[in-house]
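A short worksheet on the structure shown next.
The values are calculated or read from the model by the stated rules, or taken from the named source; none is laboratory data. As the structure is a computational prediction, the values presented were derived from the model and not from experiment. Quick reminder, even Gly has a Cβ in these numbers, built from the backbone with ideal geometry, and neighbours come from all protein chains shown. When the accessible area is computed, the model is the full protein with side chains, heavy atoms only, and any ligands, DNA or RNA have been set aside. Shrake-Rupley method; radii C 1.70, N 1.55, O 1.52, S 1.80 Å.
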Amino acid sequence: MDTHSTIGVAVIGTGRAGMIHAANFVHGVRRCRLVALADSVEQAVLAAGNELGVEDTYTDFRAALRHPHVDAVVIATPTSLHAEIAVAAAEHGKHILCEKPMAITVAECDAMLAATERAGVVLQIGFMRRYSEDFLAAKARIDAGDIGSVVQVKTLTHGPSQPKPWMFNLQHSNGPLAEVNSHDIDTVRWMSGSEFADVYAIAGNYRTPEAQSTHPDFYDQVLLVSRMANGGQGSISGAQGVKVSSGADLDVEIEIAHDLLHDRELLGVLPSEVRSVRANELELVQDARRHQADDIRQRRHLVVRAPRRLGHRRAADLVAPLEHGDAPAAPGEQASGDQAVVATADHQDVGALGHASYGSAPSARAA
Ligand SMILES: NC(=O)c1ccc[n+]([C@@H]2O[C@H](COP(=O)([O-])OP(=O)(O)OC[C@H]3O[C@@H](n4cnc5c(N)ncnc54)[C@H](O)[C@@H]3O)[C@@H](O)[C@H]2O)c1
């Protein structure tokens, strides 16, 4: 691609995520121009075109792929369509920014990777944390050895938005672990610097009674713990459709603990009587030493806020790999592992949803 020319973009799927991307391109992503929109629902795509001033709208995504001025596509359809659209886009020589989760199965991810490799096009996945300055700074500190070795990455994402009807169907969405918490799966892998080795999960439907009869395997609350290949640990708390937040429900945090008690610097300031207690009981440190210990603890414990919006920055990064051949920050190769984690969880308690072990709201049970 000519490194000075404009990059023509088509957004496929003009629902919630697609319209955020599309508006980003209209409002100015360097070198990019939104030239086409596609959505299988005619009314939706016409309304989107009207709103954004885009004339070329299609109900068949393949027509957008044939558009002569489209160089790259954003895929923001239900997840079960990501692989089919991405493979077709690659075959038409289009670069791809595909929303997360990458696809439903590992096999679909493999097909996407093979097609993009064959075509020599860039495939990026919509993990906006990979472009967040806070996350990048945290990662840089970890990589610099600044906080010691990472023992545990703990991340919580409780999504406030109501699931779309297609999300209740696990064949289309792969469930909340994929739909909401693929961000967290990616974060645990990224911050721990390791692949998942063992995964344990429990889940239940606590606040979505409307899905229970039609989609008995849908869950809206999930806990996943993992052992990483490098021996570290991960924990993910997930939820979807949290309408009334307690405040903490809407927070997205990552804490990166480390082997505090093996840290000589910290041991040096702890009175001997607290050396044997657990790291999270450091409050026991006597007044004179509290300050010093807090300071060390702070420097060695990271809490990172996750971005909530799909901002300009991520869309703009569609450009960098095309311009200078930079490696994308969230390439498909990394995201494909998420599907294996979800599938593994599915074969545990998450997969047992609909059976007797299926969770329900404790208050409802008591009543
Ligand atoms: N990165 C993030 O934080 C983030 C946030 C929201 C959604 N997403 C992802 O974006 C994707 C879409 O989610 P959403 O919330 O926007 O869903 P949505 O239901 O609001 O939008 C999906 C759109 O795709 C359209 N569509 C369906 N079949 C199509 C087809 N064959 N061709 C073209 N369009 C088709 C639908 O008509 C709809 O307008 C999902 O994979 C979701 O996980 C990511």
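Compute the signed sum of charges (Lys and Arg +1, Asp and Glu -1) over the other residues within less than 12 Å, Cβ to Cβ, of ASP60. Neighbourhood net charge equals 0. Evaluating 6.51 cos²θ - 1.76 cosθ + 1.60 at θ = phi - 60° for every residue in region 21-29, the Karplus couplings come out as 4, 4, 5, 4, 5, 5, 8, x, 9 Hz, glycine and proline recorded as x.
Note on region 1-128: with neighbouring protein chains present and a 1.4 Å probe, carbon and sulfur make up 49 percent of its accessible heavy-atom surface. For region 88-103, putting each phi into the Karplus relation 6.51 cos²θ - 1.76 cosθ + 1.60 with θ = phi - 60° gives couplings of 5, 4, 4, 5, 8, x, 9, 6, 9, 10, 9, 4, 7, x, 4, 6 Hz, in residue order, rounded to whole numbers and with x for Gly and Pro.
Ligands, DNA and RNA left out, the 1.4 Å accessible surface of region 185-224 is 57% carbon and sulfur atoms. Taking a cut-off of 13 Å, what percent of all Cα-Cα pairs in region 91-147 are separated by more than that? In whole percent, the share of Cα-Cα pairs in region 91-147 beyond 13 Å is 68. The Cα trace of region 94-228 gives Rg and Dmax of 16.8, 51 Å, the first to one decimal, the second as a whole number. Taking the alpha-carbon distance from LYS243 and a cut-off under 26 Å, which lysines remain once sequence neighbours fewer than 8 residues away in the same chain are dropped? Within reach: LYS100, LYS154, LYS164. Checking the a/c ratio against 1.5 first, then a/b against b/c, what shape does the Cα gyration tensor give for region 1-133? Judged from the Cα gyration tensor, region 1-133 comes out rounded (a/c under 1.5). Each residue of region 215-229 was assigned a 3J(HN,Hα) from its phi angle through the Karplus expression (A = 6.51, B = -1.76, C = 1.60, θ = phi - 60°), giving 10, x, 8, 6, 10, 10, 9, 8, 10, 10, 10, 9, 9, 8, 4 Hz with x at Gly and Pro. Near the amide H of CYS32, within less than 5 Å, lie the amide hydrogens of ILE7, all on another chain or at least 5 residues away, with H placed in the peptide plane. Please report the spacing between the Cα centers of region 112-133 and region 36-107 in Å, no decimals. First find each Cα centre; the distance between them is then 15 Å. Based on protein heavy atoms only, region 28-87 ends up with 47 Å² per residue of surface accessible to a 1.4 Å probe. For region 142-227, a crude dipole built from +1 on the beta carbon of Lys and Arg and -1 on the beta carbon of Asp and Glu, taken about the Cα centre, is about 160 debye to the nearest 20. The value for region 19-79 of Rg(Cα) / (2.2 N^0.38 Å) is 1.03.
Considering just Cα atoms, how many Å³ per residue does the convex hull of region 186-241 enclose?
Dividing the Cα hull volume of region 186-241 by its residue count gives 78 Å³.
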